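These notes concern the structure reproduced below.
The values are calculated or read from the model by the stated rules, or taken from the named source; none is laboratory data. Because the structure is predicted, anything quoted here is derived from the model rather than measured. Here Cβ is always computed from backbone atoms with ideal geometry, including for glycine, and neighbour counts include all displayed protein chains. Please note that ligands, DNA and RNA were not included when accessible areas were found on the heavy atoms of the full protein model with its side chains. Shrake-Rupley method; radii C 1.70, N 1.55, O 1.52, S 1.80 Å.
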Amino acid sequence: MKVDTLITNIGQLLTMDKKGPVKGSDMNDLTVMEGAAVAVKDGKIKWIGSAEKAVNIQADKTIDADGKLVTPGLVEPHTHLVFGGSREEEMALKQQGVPYLEILKQGGGILSTVNATRDASYNELLEKALFHLDRMAMHGITTVEAKSGYGLDKQTELKQLQVTKEANVKHPLDIVSTFLGAHAIPPEHKEDPEAFLSLMSELFDEIKEKNLAEFIDIFTETGVFSVEQSRRYLKKAKEKGFGLKIHADEIDQLGGTELAVEVGAISGEHLAVASDNGIKQLASSNTIGVILPGTVFYLGKDTYPRARKMIDEGAAITVSTDFNPGSSVTENLQLIMSIAALKLKLTPAEIWHAVTVNAAHAIGRGYEAGTIATGRRGDIVIWDAPNYKYIPYHYGVNHANTVLKNGEILYKRGEIR
Ligand SMILES: N=CN[C@@H](CCC(=O)O)C(=O)O
Ligand SMILES: [Zn+2]
């Protein structure tokens with residue numbers, strides 16, 4: 001057999017090759033291949049087997065993994081990638097204990113990034129997004145979801161979505177786009193959230209036509225959108241053929257988790273204060289819980305999402321950075337894997353399912369990304385780690401040694417191109 005790239009002498013290989021999304025106790029059932037090799041041809045996985053058998057394969061390029069851990073590229077299922085400015089000034093307010101929703105109510109938080117995003121040029125936003133994508137790639141992410149939601153007017157929301165589309169063409173990472181026009185109520189519509197939601201839903205047809213987003217998301221929260229408003233808005237989106245996502249039960253327990261299940265959302269996201277009933281419903285549904293523990297950490301709170309209970313009751317969950325300029329400012333999903341271990345009490349096997357196959361399913365890429373299997377994308381990471389337990393254990397640093405996207409080396413420790 002002749003291939004483009006052969007990775008051999010792999011210490012541990014996680015293929016994550018399971019019919020997903022992987023639910024409940026199956027998330028703890030991990031297949032680990034020792035002494036393996038993987039071959040890639042034309043950007044796709046061509047062969048997986050033992051390093052001994054790989055000696056018969058002719059490859060243009062052979063990479064010796066030197067006994068290291070090899071996994072699928074990480075899939076990041078929830079980011080707010082495209083935005084203007086930054087919000088380091090808010091850190092002092094957070095230290096003084098001013099709540100996140102209070103900062104928003106006073107016109108700061110999301111709304112301060114809205115001003116910066118409206119002011120930023122298309123090219124400024126694009127350059128900034130490409131910069132953050134580079135950082136994600138360095139940290140082993142090969143597929144990423146990106147939400148709009150810092151425009152809150154037609155023109156700026158479309159600008160953000162166009163930037164996302166162009167970033168997807170310009171950058172090697174695959175980007176899955178979500179329209180989050182219903183992220184906050186802008187000051188000009190403060191008195192009439194219904195009219196604002198109508199305005200945002202007027203964009204659905206254009207977004208569909210121009211292929212600017214696959215999913216519609218809404219922030220269901222006190223002082224933002226109610227469960228009833230969210231239900232109506234999401235139903236409209238579903239009628240137009242979009243997949244649904246919800247920022248649900250992040251701060252106040254409004255029943256957003258139950259709503260995600262009711263409307264058949266692909267994912268309910270945050271779920272930090274989901275009720276017992278919400279967790280039960282999630283577990284018996286096809287909706288995936290996208291859990292964002294970095295947000296709880298970064299907002300200085302003590303109560304983490306009950307991800308342990310979600311898995312124990314049978315749900316499929318993922319974990320994500322929630323990369324954004326306000327509530328979780330990091331592109332490092334490995335750090336979140338450590339927080340998932342320490343604060344959510346997930347096992348290493350559950351965490352690896354969360355950041356690969358399940359994350360891919362949560363963004364509609366379950367049959368392309370998040371798995372090393374023949375025919376899938378050659379998205380592979382070689383880690384400076386002897387085994388899969390090591391990544392959550394050694395926290396706060398980048399363990400990626402080599403990141404391959406569609407079989408091409410995208411990042412190599414010590415050399416970035
Ligand atoms: N909670 C709503 N949206 C984002 C935060 C956005 C921001 O603070 O800029 C989140 O997922 O955490
Ligand atoms: Zn978010």
TODO: Would you tell me the accessible area of residue 361, worked out with a 1.4 angstrom probe on the heavy atoms of the protein chains, in Å² to the nearest 10?
DONE: 20 Å²
Open item on the list: Using the basic label-point model (7 angstrom from Cα toward the beta carbon), what is the residue 29 to residue 64 distance in nanometres?
Closed with: 3.8 nm
Open item on the list: Can you compute the modelled spin-label distance between residue 390 and residue 188, with each label point 7 Å from Cα toward Cβ, in nm?
Closed with: 5.4 nm
TODO: Could you tell me the accessible area of residue 91 in Å² (1.4 Å probe, neighbours in place), rounded to the nearest ten?
DONE: 90 Å²
Task: For the stretch 126-175, alpha-carbon Rg over 2.2 N^0.38 Å - done: 1.14
TODO: Apply 1/(1 + (r/R0)^6) to the Cβ-Cβ distance of residue 2 and residue 226, taking R0 = 60 Å, and write down the FRET efficiency to the nearest 0.05.
DONE: 0.50
- [ ] Measure up 210/240; 210/236; 44/240; 147/280 against 22 Å on the Cα-Cα distance and list the ones that go over.
- [x] 44/240; 147/280
Open item on the list: Using only Cα atoms and rounding to the nearest 10 degrees, what angle (0 to 90) does helix 122-138 make with the longest principal axis of the chain?
Closed with: 40 degrees
TODO: For 322, 134, write out the residues from largest to smallest accessible area, computed with a 1.4 angstrom probe and no ligands counted.
DONE: 134, 322
- [ ] Report, for the chain, the % of DSSP beta bridges that are antiparallel, rounded to 5.
- [x] 45 percent
- [ ] Give the ranking of 388, 367, 150 by solvent-accessible surface, highest area first, calculated with a 1.4 Å probe.
- [x] 367, 388, 150
TODO: Report the accessible area of residue 304, computed with a 1.4 Å probe over the heavy atoms of all protein chains in place, in Å² rounded to the nearest 10.
DONE: 30 Å²
- [ ] For the chain, build the convex hull from the C-alpha positions and give me its volume per residue in Å³.
- [x] 125 Å³
Open item on the list: Can you give me the % of accessible surface on the stretch 75-362 that is carbon or sulfur? Probe 1.4 Å, all protein chains present, nothing else counted.
Closed with: 51 percent
- [ ] Set the Förster distance to 45 Å, then compute FRET efficiency between residue 195 and residue 368 from the Cβ-Cβ distance, nearest 0.05.
- [x] 0.70
Task: Helical mean residue ellipticity (222 nm; -39500 (n - 2.57) per DSSP H run of 4+; nearest 500) of the chain - done: -9500 deg cm²/dmol
- [ ] Determine ³J(HN,Hα), in whole Hz, for all residues of the stretch 178-185 in sequence, where each value follows from phi through the Karplus function 6.51 cos²θ - 1.76 cosθ + 1.60 and θ = phi - 60°; x replaces Gly and Pro.
- [x] 10, 8, 10, x, 8, 9, 6, 9
Task: Per-residue ³J(HN,Hα) for the stretch 329-343, Karplus 6.51 cos²θ - 1.76 cosθ + 1.60, θ = phi - 60°, Hz, x for Gly and Pro - done: 9, 8, 9, 9, 5, 5, 5, 5, 4, 5, 5, 4, 6, 7, 9
Open item on the list: With every protein chain kept in place and ligands, DNA and RNA left out, what is the accessible area per residue of the stretch 75-362? Probe 1.4 Å, answer in Å².
Closed with: 35 Å²
- [ ] Taking amide H positions as placed in the peptide plane 1.01 Å from N, state which residues far from residue 3 in sequence (5 or more) or on other chains have amide H under 5 Å from it.
- [x] 58, 59, 60
Open item on the list: Could you tell me the calculated FRET efficiency between residue 95 and residue 130, based on Cβ-Cβ distance and R0 = 35 angstrom, to the nearest 0.05?
Closed with: 0.65
TODO: Using θ = phi - 60° and the Karplus relation 6.51 cos²θ - 1.76 cosθ + 1.60, list the HN-Hα couplings for the stretch 60-73 in order, rounded to whole Hz, with x at every Gly or Pro.
DONE: 5, 9, 10, 10, 8, 6, 6, x, 7, 6, 10, 9, x, x
